[in-house]
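Presented below is the structure to which this report refers.
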Amino acid sequence: MLISHSKKFIFIHNYKVAGTSVRKALDKYADRSFLRSSITSKFNVLLGKYPNIYSDKYGVHPTSIEVQSFLPTNIFDSYYKLGFVRNPWDWEVSLYIYMLKKTTHPQHELIKKMKSFEEYIDWRINEDLHFQKEFFYDVEGKRLVDFIGKFEDLNEDFDKICVKLNITDIKLPHVNKSQTKKYLKYYTPSTIDLVFEALKPDIELFGYEKPILTKGL
């Protein structure tokens, strides 16, 4: 999570959806902690104009439901809440590669022992299934954020956010750039279908379509 009192926004950081790039771009306006905030922000907190609430206290990946639970209602309701989603097939490849390479990840050893991406998909669907909508909707299906952009339209959607927040002096950096542009090479027709059935709630909610495998991938 990233919160800004000067620009009144809350960034909900979904896994492996360019969140590092977005955080880096918005960090100039973020209130990470009292010490790491701007001088202006410090004065406004001391004067009672800004709430004494900071991003670092709540970690990187809380969902909007969790953020709603620990923020005052007036702050959560009045701040502009934003986040991003990603093509579910691409998302799973990115998660797989990340956990495979990140030796400090809690599930690194588990993923490392798997013989293939197909085995990973089987495990993910049957043992540890998660939806991207969990970051942005409550359990009853109510949307809790104001803007959900797409990884596939990252630059355009980030520009829309900047216009909304009246930010003109930052650019979106390319940090942790995905290496999975050809993510379909990891898939077979069978695993394409498995993801389609398992992640259908995300696929339908965010308007994605089942990809078609073509020769040469």
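The values are calculated or read from the model by the stated rules, or taken from the named source; none is laboratory data. Remember, it's a predicted structure, so these values are computed and weren't measured experimentally. Cβ placement follows ideal geometry from the backbone for every residue including glycine, while neighbour counts extend to all protein chains displayed.
Numbers below:
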{"item": "Subset of the range 136-159 [under 23 Å from VAL93 (Cα atoms) and small (Gly, Ala, Ser)]", "result": "GLY149"}
{"item": "Filter pass, TYR15 being aromatic (Phe, Trp, Tyr), touching a residue at least 40 places away in the same chain (Cβ under 8 Å) and farther than 23 Å from TYR98 by Cβ", "result": "no"}
{"item": "When residues of the range 13-51 are limited to those that are part of a loop (DSSP other than H, G, I, E, B), among the hydrophobic types (A, V, I, L, M, F, W, C) and on the phi < 0 side of the Ramachandran plot, the one farthest from the chain's Cα centre (by Cα)", "result": "LEU47"}
{"item": "Residue in the range 168-179 that is of a type in the set (Gly, Ala, Ser) and closer than 30 Å to LYS28 by Cβ present", "result": "yes"}
{"item": "Residue within the range 191-212 that is of a type in the set (Gly, Ala, Ser), modelled with pLDDT of 95 or more and over 24 Å from MET99 (Cβ atoms) present", "result": "yes"}
{"item": "Residues satisfying the stated conditions in the range 133-168, i.e. in contact (Cβ under 8 Å) with a residue 24 or more places away in the chain, loosely packed, with under 15 Cβ neighbours inside 10 Å and more than 15 Å from the chain's Cα centre (by Cα)", "result": "ASP138, VAL139, LYS164, ASN166"}
{"item": "Residue check for VAL60: within 30 Å of ASP90 (Cβ to Cβ), β-branched (Val, Ile, Thr) and surrounded by fewer than 16 Cβ atoms within 10 Å (Cβ to Cβ)", "result": "yes"}
{"item": "Some residue of the range 45-52 being touching a Phe, Trp or Tyr at 6+ places or on another chain (Cβ under 6 Å) and over 20 Å from ASP169 (Cβ atoms)", "result": "no"}
{"item": "Subset of the range 199-217 (residues that are buried (at least 16 other Cβ atoms within 10 Å of the Cβ) and in contact with a Pro (Cβ under 9 Å, 6 or more places away or on another chain))", "result": "LEU199, ASP202, ILE203, PHE206, TYR208"}
{"item": "The lone exception for VAL45 - which of (1) β-branched (Val, Ile, Thr); (2) within 27 Å of VAL139 (Cβ to Cβ); (3) touching a Ser or Thr at 6+ places or on another chain (Cβ under 8 Å) it fails", "result": "(2)"}
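Quick grid of which residues meet (1) among the aliphatic types (A, V, I, L, M); (2) surrounded by 15 or more Cβ atoms within 10 Å (Cβ to Cβ); (3) under 22 Å from PHE206 (Cα atoms):
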| position | (1), (2), (3) |
| --- | --- |
| ASP56 | no, yes, no |
| ASN74 | no, no, no |
| TRP91 | no, yes, yes |
| LYS101 | no, no, no |
| LYS115 | no, no, no |
| ILE121 | yes, yes, yes |
